[in-house]
Amino acid sequence: MNLPRLGLMLAALLALAACGEEGWHGKSIEGLMPELEFRLTSETGETVTEQVFEGRPVAMYFGFTHCPDICPATLARLVAAVRRLPEPQQERLQLAFVSVDPERDGPEQLRDYTDAFSERMLGLTGTQKQLKTLTRRYRTTYGYEERREDGSYEVSHSSAIFVFDADLEPRLMLLDSLGVAEIAADLERLLQ
Amino acid sequence: MKIVSGVLLVIVLLAGALWWVSDMAPAEPIEIENPRVRLVPGGAPMAGYFSITNHTDAPIRLVSAASDAFGHVMIHRTVVTDGGARMEHQDQGVLVGAGETVAFEPKGLHLMLMRAQRELEVGDAVDVVFGFEGVEPAEYRVTFTVVPVTSS
């Protein structure tokens, strides 16, 4: 087989692999997980449930503010993708950052952090019990590593963004390997 | 006379060789490109990114980073496996092979800059002192630029 043909075949295979089942770039989780439900504390300090989103679609990420690399990188890509959507879609989509590090992420810390990305991003956190209930519901985990001498510690967490539709049904997992254009394409299709 | 001219010839050849070699070697054995710190609000740690090229003909190891602008700086790598993300402290430092470039970039190797000693703003300059093994001088001072949190 000549090289250009091999290249074309590889490109076609890659394109297929990049576009998963049913043409989504992300992973479809429709019907695989239960609808969104939680009780958490919001960045305003109030106790809130999933009703805080008022029937709007939600893109939710689990992280922590003392995460200098992948959390800002993921949230920045999400926000850049949202900016590519048609204006009405941008306004409909709610962004949510759930901190799995309540010890360091109080309401004020969460508000400062989420506001740096988008005014449409709501910071949430909760007790360990509340957070465990929510993360287990979406088959993800988080954990803490050993403390350093200065008391700081690392947190392991999910790297995907979970997208729920207006009925709070889980629809997509946007893996961290997706680029801005792919995230935007999936969100635009979902929000149509 | 013969001996004198022989010695002279050797001296000239040696000088020529030295001149040739020194001309070949780059001015700086280590090159750091695009050093930047991504601003994170609220006192949380920030990530520092850059790329490092080793222009020497032997491997070097980046073993430490420190900055007057931060209480503590660590060399970390983000590892993503099975949909989960965690950080790995690079306690052996980072090896840069002879003539190779290693990129510190989002979702990979990065500096974790903890406890900013003053309020930073986009556009600020922050000095970081790198410590190396396998190269002289062993310390390099590099000026990082503070960039927005939404930049890559």
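Computed quantities for the displayed model
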| item | result |
| --- | --- |
| Residue match in segment A:72-82 (condition: within 12 Å of another protein chain (Cβ to nearest Cβ) and in a strand (DSSP E or B)) | no |
| Qualifying residues in segment A:144-165 (those that are at pLDDT 95 or above and out of contact with any Phe, Trp or Tyr (no Cβ under 9 Å at 6 or more places or on another chain)) - the one surrounded by the most Cβ atoms within 10 Å (Cβ to Cβ) | A:163 |
| Flag if residue A:125 is surrounded by 23 or more Cβ atoms within 10 Å (Cβ to Cβ), touching a strand residue (DSSP E or B) at 6+ places or on another chain (Cβ under 6 Å), touching a residue at least 24 places away in the same chain (Cβ under 8 Å) and away from chain B (no Cβ under 13 Å) | yes |
| Top-ranked residue of segment A:83-110 - restricted to ones that are touching a His at 6+ places or on another chain (Cβ under 8 Å) and not acidic (Asp, Glu), ranked as farthest from the other protein chains (Cβ to nearest Cβ) | A:100 |
| Failed criterion for residue B:44 (all others in (1) modelled with pLDDT under 95; (2) part of a strand (DSSP E or B) hold) | (2) |
| Scope segment A:24-54; condition touching a helix residue (DSSP H, G or I) at 6+ places or on another chain (Cβ under 8 Å) and at positive phi; matching residues | A:45 |
| Filtered residues of segment A:103-157 (kept if touching a helix residue (DSSP H, G or I) at 6+ places or on another chain (Cβ under 7 Å) and not in a helix (DSSP H, G or I)) | A:118, A:121, A:122, A:123, A:125, A:141, A:142 |
| Any strands (runs of 3 or more DSSP E) falling wholly within segment B:76-123 and containing at least 3 residues that are surrounded by fewer than 19 Cβ atoms within 10 Å (Cβ to Cβ) | B:84-89, B:101-104 |
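One line per residue, one yes/no per condition, for (1) over 24 Å from residue B:91 (Cβ atoms); (2) within 14 Å of chain A (Cβ to nearest Cβ); (3) modelled with pLDDT under 95:
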site: B:107; (1), (2), (3): no, yes, yes
site: B:113; (1), (2), (3): no, yes, no
site: B:132; (1), (2), (3): no, no, no
site: B:150; (1), (2), (3): yes, yes, yes
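The values are calculated or read from the model by the stated rules, or taken from the named source; none is laboratory data. What you see is a predicted model; the values in this text were computed from it and never measured. Neighbour counts run over all protein chains shown; Cβ positions are idealised from the backbone, glycine included.
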